Amino acid sequence: MALRALTRALGSLSLTPPAAAALGPGLLPAAQVTSSTLLQLPSSSVLIPCRPVLTSVALNANVVSWKSRTKYTITPVKMRKSGGRNHTGRIQVHGIGGGHKQRYRMIDFLRFRPELETKPGPFEEKVIMVRYDPCRSADIALVAGGSRKRWIVATENMQAGDIILNSDHIGRMAVAAREGDAHPLGALPVGTLINNVESEPGRGAQYIRAAGTCGVLLRKVNGTAIIQLPSKRQMQ
């Protein structure tokens, strides 16, 4: 009888410290990120590792993309490689990473862009240099005219020192265009090899921009031009 009473008395005892017992079960303090890397619970001797939380907002706080630039510049712009990771830092596409550092050169795909202080009409530009661009298959050329410089997509035989013409005039007679010149499709003779074609006037080149590709001006019908793309598809 005495042994059974002693066992019941020992079972009713609580081993919880007074501080934790005052809070009651389920009311322990919430975990907080501190400067310490280990957090020790008062009721146990088990050490739980903790680390500070780094969100995607902190990762992208000081990153400025070259796509957000609004002012044109001929200076190469730095590019940040993603390594196949999305905005949260997790790998989205495997097999991407490493490689040589690249800089982006802003290409002006709208050839006929006269300066504000010049009179409207055709204008000429001089090719300063032709170089390799790591961001595209075709070479690019630095041209200068008036008080500005800009990068354009170079043609196959374009060299430094060439004079190229940019025009938006459509005359009664077809023009004898040289390689590298920019003219409306209505001003070119049928059978001309073309590249950097716009879908709408003033929108900039959208078709036939890769290296080694060219289209053909097939015919002109009722004020519209029909061309053949490198894929043999015809577009009006």
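The values are calculated or read from the model by the stated rules, or taken from the named source; none is laboratory data. All values derive from a computational prediction rather than experimental measurement. Using ideal geometry, Cβ is built from the backbone for each residue, glycine included, and neighbour counts are taken over all protein chains shown. Please note that ligands, DNA and RNA were not included when accessible areas were found on the heavy atoms of the full protein model with its side chains. Shrake-Rupley method; radii C 1.70, N 1.55, O 1.52, S 1.80 Å.
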Of 95, 224, 109, farthest towards positive along the dipole that unit charges on Lys, Arg, Asp, Glu beta carbons give segment 79-236: 95
Among the lysines, select those whose C-alpha is under 24 Å from the C-alpha of residue 126, and discard any that sit fewer than 8 residues away in the same chain. 71, 149
Once amide H atoms are placed 1.01 Å from N in the peptide plane, what residues at a sequence separation of 5 or more from residue 204, or on another chain, have their amide H within under 5 Å of its amide H? none
Please list 233, 136 from largest to smallest accessible area, probe radius 1.4 Å, with all protein chains kept in place. 233, 136
Aspartates and glutamates whose Cα lies under 18 Å from that of residue 81, excluding same-chain neighbours fewer than 8 positions away: 133
Skipping prolines and chain starts, which residues have an amide H placed within reach, meaning under 5 Å, of the one on residue 192, given they are 5 or more residues away or on another chain? 217
Under a cut-off of 19 Å between alpha-carbon atoms, report the lysines in cross-link reach of residue 220, not counting same-chain residues fewer than 8 places apart. 232
